[in-house]
Amino acid sequence: MSRRPPTDPPHADLFGDAACVPAARPGLLFGDDPAWAFADAPTDAAGAPGAAVAHAARPPLPAAWAAEARAADEPARAAAATALVDQAACTPVAPGAVLLPGLLTPLAGALAAVLRPLLWQAPLRHLRTPGGGRMAVATSNAGALGWLSDARGYRYASQDPLSGRPWPPLPALLDAIARAAAARAGFPGFAPDAVLVNLYRPGVGLGLHQDRDERDAAWPIVSASLGLPARFRLGGLRRDAPTQELVLQHGDLLVFGGPARRCFHGVRPLAAGHHPWAGEHRLNLTFRRAG
Ligand SMILES: O=C(O)CCC(=O)C(=O)O
Ligand SMILES: [Mn+2]
């Protein structure tokens with residue numbers, strides 16, 4: 001799809017302050033080594049037997065990151081983000097599905113700042129599928145509820161099984177973006193209680209599926225894409241319906257609700273690349289009303 005206007009410089013930030021200063025190469029979000037954000041190794045095909053221990057032993061969040069996160073999550077910033085989303089250009093891509101292209105680009109620095117504490121407290125991990133496999137996508141959550149998969153099936157839970165504690169609270173900045181994006185796409189009143197974080201590496205994709213674990217399908221899914229671009233497949237209500245492919249770029253928001261809420265969708269395996277915000281990764285946030 002060639003719909004993309006020229007993007008802002010990668011570290012442009014609406015707020016123009018410390019929250020947008022790159023922590024280190026090769027990626028703004030992770031700094032020079034993403035290992036801190038993971039509870040298990042990406043190549044650990046046998047699982048992560050030591051993950052819970054490693055998590056319990058985690059030192060406090062670095063003070064500089066904590067300060068950046070506080071600054072990025074002040075109410076005035078959530079208000080500025082809401083104003084940005086309220087004026088966004090909308091591209092309908094299917095009945096009930098709306099793309100807000102590139103919208104988050106000026107917020108990327110602030111988003112990195114609020115995401116770091118979240119991933120510090122609830123690190124990314126490769127969940128087990130009900131069939132016993134290991135998910136290729138690494139996940140985490142924030143909000144009152146978090147999405148989990150294991151031998152018992154798919155479900156939402158209020159605690160992170162790695163720590164036995166509640167998931168990190170949803171940062172005000174993320175909450176504001178999700179609410180405003182839903183309203184802009186025609187779904188006013190959306191109040192997310194869960195954000196699922198998906199982290200893709202090159203070669204990793206997500207098979208066609210429906211989002212069915214939320215209590216009320218009247219609320220849309222708000223999906224934010226950051227880092228490397230992804231080929232997102234959007235199909236119909238049957239798995240074998242034809243799919244269209246959207247290239248989701250850094251900063252894009254996609255809202256799907258109403259007639260699109262139960263559409264099958266998935267992500268093609270990520271192409272190799274480097275992105276100044278996420279290094280060799282794509283990060284996707286899906287905001288949901290789960291409970
Ligand atoms: O990564 C994406 O763009 C989609 C993620 C998704 O469909 C999901 O988490 O259910
Ligand atoms: Mn999904």
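Here, each number is a calculation from the coordinates, and none is a lab measurement. These numbers were taken from a predicted model, which means no experiment stands behind them. Here the Cβ positions follow ideal geometry from the backbone for every residue, glycine too, while neighbour counts run over all protein chains shown.
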Residue identified as touching a residue at least 60 places away in the same chain (Cβ under 8 Å), within 26 Å of A183 (Cβ to Cβ) and away from ligand 2 (no atom under 16 Å from the Cβ) among L226, L246, L285: L226
Residue list for the range 198-219, filter: in a loop (DSSP other than H, G, I, E, B) and either farther than 20 Å from A290 by Cβ or away from ligand 1 (no atom under 13 Å from the Cβ) (or both): R201, P202, G203, V204, G205, R215, D216, A217, A218, W219
Qualifying residues in the range 262-282 (those that are over 20 Å from L28 (Cα atoms) and crowded, with 21+ Cβ neighbours inside 10 Å) - the one nearest to ligand 2 (Cβ to nearest atom): H265
Close pairs from the range 130-155: first more than 13 Å from D213 (Cβ to Cβ), partner away from ligand 2 (no atom under 15 Å from the Cβ) and among the hydroxyl-bearing types (S, T, Y), Cβ under 9 Å, at least 6 apart: A144/S158
Qualifying residue in the range 70-91 (condition: over 17 Å from the mean Cα position of the chain (by Cα), exposed (fewer than 14 other Cβ atoms within 10 Å of the Cβ) and part of a loop (DSSP other than H, G, I, E, B)): yes
Residue in the range 156-211 that is surrounded by the fewest Cβ atoms within 10 Å (Cβ to Cβ), counting only those that are more than 16 Å from ligand 2 (Cβ to nearest atom) and of a type in the set (S, T, Y): S158
